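Undergrad: Below are the structure tokens for one structure; questions will follow.
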Amino acid sequence: RDEKASFDEYQKQIESMQEGKSVLQQQLTDSEERRCEREVALQLNIDNLRSQNKVLSKESESLRDEKASFDEYQKQIESMQEGKSVLQQQLTDSEERRCEREVALQLNIDNLRSQNKVLSKESESLRDEKASF
């Protein structure tokens, strides 16, 4: 009887251990499934990030190209502004020289008119002298 009770007790412990083993195996299986799901999710995340990186890389390259074009346009604008400034200075200088020439021409005209008056009077005086001969 003691042996039978002892045997029954061992039998219960064995069954209890087997149930515990079964529970642990299920937990292990569940844990492995969750680990696999996490790995798949992480891999999808990695793939998405790589895809985004490609898109961003192309966008960045395009923006660099646009910036280079913008910088070139900016240089052209600055060059044109410098050219405009030079042309404005040349125009101003040209206008100043034109004005100086006009003043000189006007002085010439005034001098010629004055000489004409003198010559006209002299001519008139000589005609009068001639007429008196």
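The values are calculated or read from the model by the stated rules, or taken from the named source; none is laboratory data. Since this is a predicted model, take the numbers as computed values, not measurements. Note: accessible area is taken over every heavy atom of the protein model, side chains too, but ligands, DNA and RNA are not part of it. Shrake-Rupley method; radii C 1.70, N 1.55, O 1.52, S 1.80 Å.
Undergrad: So what's the chain giving for Rg/Rh, alpha carbon basis, Kirkwood Rh from the mean inverse pair distance?
TA: Working: Rg = 55.8 Å, Rh = 27.5 Å.
In the chain, Rg relative to Rh is 2.03.
Undergrad: Tell me, what % of the accessible area of the range 38-122 is carbon and sulfur with a 1.4 angstrom probe?
TA: 54 percent
Undergrad: List the lysines whose Cα lies under 19 Å from the Cα of Lys84, skipping any in the same chain that are fewer than 8 positions away.
TA: The reachable lysines, counting only those whose Cα sits under 19 Å from Lys84, are Lys75.
Undergrad: In whole Hz and in residue order, list the ³J(HN,Hα) couplings for the range 9-25 that follow from phi through the Karplus curve 6.51 cos²θ - 1.76 cosθ + 1.60, θ = phi - 60°; x for Gly and Pro.
TA: Residue by residue, the range 9-25 yields 5, 4, 4, 5, 5, 5, 5, 5, 5, 5, 5, x, 4, 4, 4, 5, 5 Hz.
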